[in-house]
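Structure, as structure tokens:
The values are calculated or read from the model by the stated rules, or taken from the named source; none is laboratory data. For clarity, every value in this text was computed on a predicted model and none was experimentally measured. No Cβ is skipped: glycine too gets one built from the backbone with ideal geometry, and neighbour counts run over all protein chains shown. Accessible surface is based on the protein model in full, side chains and every heavy atom, while ligands, DNA and RNA are left aside. Shrake-Rupley method; radii C 1.70, N 1.55, O 1.52, S 1.80 Å.
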Amino acid sequence: MTGAAEWDAEIAIDAAIARTAIGRQFRQLAPLPIEPFGEGWDNAAFLVGDAWVFRFPRRRVAVALMETELRVLPALAPRLPLPIPLPRFAGRPSDAFGWPFAGYARLPGRPLTECVLDDDAETAAAVACGTFLRALHAIAPATLPTLPRDEAGRFEHARCMPKLRVRLAELHALGLIEDPAPLLAFQERIAPAGPRADRLCVVHGDLYARHLLIADARVSGAIDWGDVHVGDPALDLAIGITIFSPNSRPAFARAYGEIDERTWDLARYRGIYSSALVAHYGYRVGDAGLLQSGLRVLNAHGGLR
């Protein structure tokens, strides 16, 4: 079994720490109330007043991701059809908080993991996401500030499979999924050796249900861009598998444009892998929305061969 300590942050950040760090560097915000606004693997977020969201790294590895956001998002935001967080405040390391942090204008909406869409709204969301990814993937990497490559090995089968086996085995032992053998057999058949050199483009890198915002049953933004990099488009296209049902998936594909069979296979490969990690993480930290989001995909694909 994977211990709960795996999910623990390297440093603890509470509202008092955030208030001190923000107030010292951005005095105009000091009078505003500050309250916790969410917590993920990499960052803790705090709502400052009603208009601002500040994010603080919880792990050293997330510092570089924060620096990438600060460097890239201002150049990326004007070129996309959906709102993304635009850094307005760049916090420097200090004795109040030893790593960089950032403040963004609050985007409207709630994460998709907290929303239920009817068929029409889901199809509209599929079109919006397909259109968004078409625009993102069409941006020439050379026209943006320096972007990293896929340093995390997201399509390195030899790295991914051991983690996947452990997560699926635990979810199966808990009675949350059926026999994982068909899922594992599919992953072994696809077995990518890395991102395809002839397909490299700008990718979000971590696009799943929690990172899409919904307001008034419409997609209102895409958040959490620390993993933006030059990678394989199939990485982002996995949302066609992880978020959208077979009924709305064709609308997503039409909005994006031509998606060949190998790309769909790689998208499904990544969707299965990331869903196992999301479900396992959701179970371990008690997040029912994440747990169900991941389990829905795994159980829907349980008959793969």
**Study point:** Between helix 119-138 and the chain: long-axis angle, C-alpha atoms, 0 to 90°, nearest 10
**Key:** 80
Check your understanding: From the square roots a ≥ b ≥ c of the eigenvalues of the alpha-carbon gyration tensor of region 201-305, which class results: rounded (a/c under 1.5), prolate (a/b over b/c), or oblate?
Key -> rounded
Check your understanding: Quick one: if the Förster radius is 25 Å, what FRET efficiency do ARG262 and ALA300 give, using the C-beta to C-beta distance and rounding to 0.05?
Key -> 0.75
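Between ILE190 and ALA77, what FRET efficiency follows from the Cβ-Cβ distance if R0 is 22 Å, with the result rounded to 0.05?
Values: r = 34 Å, r/R0 = 1.53.
Efficiency, rounded to the nearest 0.05: 0.05.
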Review point. What number, in percent, do you get for the relative contact order of region 102-220 if the mean sequence gap of Cα pairs under 8 Å and at least 6 apart is divided by its residue count?
Key: 53
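Per DSSP H run of n ≥ 4, the term is -39500 (n - 2.57); total these for the chain, divide by its residue number, and report the mean residue ellipticity at 222 nm rounded to 500 deg cm²/dmol.
-13000 deg cm²/dmol
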Review point. Could you give the angle, 0 to 90 degrees to the nearest 10, between helix 181-190's Cα long axis and the longest principal axis of the Cα atoms of the chain?
Key: 80
Practice item. Determine the gain in length on full extension of the stretch ASP120-ALA30; use 0.36 nm per residue of separation and subtract their C-alpha separation, reporting nm with one decimal. Key: 28.1 nm
Exercise for review: Using only alpha carbon pairs under 8 Å that are at least six residues apart, calculate the relative contact order of the chain and give it in whole percent.
Suggested key: 19
Review point. Here are several values of Kirkwood radius over Cα pairs in Å: (i) 19.2; (ii) 20.8; (iii) 20.0. Which one was derived from the coordinates shown?
Key: (iii)
Exercise for review: Starting from the amide H of ALA102, placed 1.01 Å from N in the peptide plane, find each other amide H under 5 Å away whose residue is 5 or more places distant or on another chain.
Suggested key: ARG55, GLY91
Check your understanding: What accessible area per residue comes out for region 34-163, rounded to a whole number of Å², with a 1.4 Å probe?
Key -> 47
Exercise for review: With θ set to phi - 60°, apply the Karplus curve 6.51 cos²θ - 1.76 cosθ + 1.60 along region 74-81 and write out the HN-Hα couplings as whole Hz, x wherever there is a Gly or Pro.
Suggested key: x, 7, 7, 3, x, 9, 10, x
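For the full complex of protein chains and a 1.4 angstrom probe, list VAL166, VAL297 by accessible area with the highest value first. Mind dumping the intermediate values first?
Numbers: VAL166 70, VAL297 0 Å².
The ordering from most to least exposed comes out as VAL166, VAL297.
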Exercise for review: Could you go through region 97-105 in sequence order and give the Karplus-derived ³J(HN,Hα) for each residue, using 6.51 cos²θ - 1.76 cosθ + 1.60 with θ = phi - 60°, rounded to whole Hz, and x for Gly and Pro?
Suggested key: 8, x, 10, x, 9, 8, x, 10, 5
Review point. Residue by residue through region 51-61, which ³J(HN,Hα) values in whole Hz follow from phi under the Karplus form 6.51 cos²θ - 1.76 cosθ + 1.60 (θ = phi - 60°), with glycine and proline marked x?
Key: 10, 10, 10, 10, 10, 10, x, 9, 9, 4, 4
Review point. Top mean-square fluctuation among ARG189, ARG55, ARG167, Gaussian network model of the chain, C-alpha springs under 10 Å?
Key: ARG189
**Study point:** Selected from LEU213, LEU174, LEU133 as most flexible by GNM, with the chain as the system and alpha-carbon contacts under 10 Å
**Key:** LEU174
**Study point:** Listed residues ASP119, ASP14, ASP42 arranged by accessible area, highest first, probe 1.4 Å
**Key:** ASP119, ASP14, ASP42
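When the dipole is taken about the Cα centre of the chain, and only Lys, Arg (+1) and Asp, Glu (-1) are charged at their Cβ, what size is it in debye, to the nearest 20? Before the final figure, lay out the partial values.
On the way: 33 positive and 35 negative charges, 120 e Å.
The dipole of the chain has a size of about 580 debye.
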Review point. Taking the simple approach of a point 7 Å from Cα along Cα-to-Cβ for both ALA105 and ARG254, what is their distance in nm?
Key: 3.3
Study note, to complete from the structure: Relative to the chain, whose Cα atoms define the longest principal axis, helix 15-25 and its Cα axis are tilted in degrees, nearest 10, by 60
Check your understanding: With every protein chain kept in the model, how would you rank ASP236, ASP216 by accessible area, 1.4 Å probe, largest at the top?
Key -> ASP216, ASP236
Practice item. Would you check the accessible area of ASP179, probe 1.4 Å, heavy atoms only, in square angstrom rounded to 10? Key: 90
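Quantify, in whole percent, the carbon and sulfur part of the accessible surface of the chain (1.4 Å probe; protein heavy atoms only).
Values: 7210 of 13570 Å².
On the chain, the fraction of accessible area on carbon and sulfur atoms equals 53 percent.
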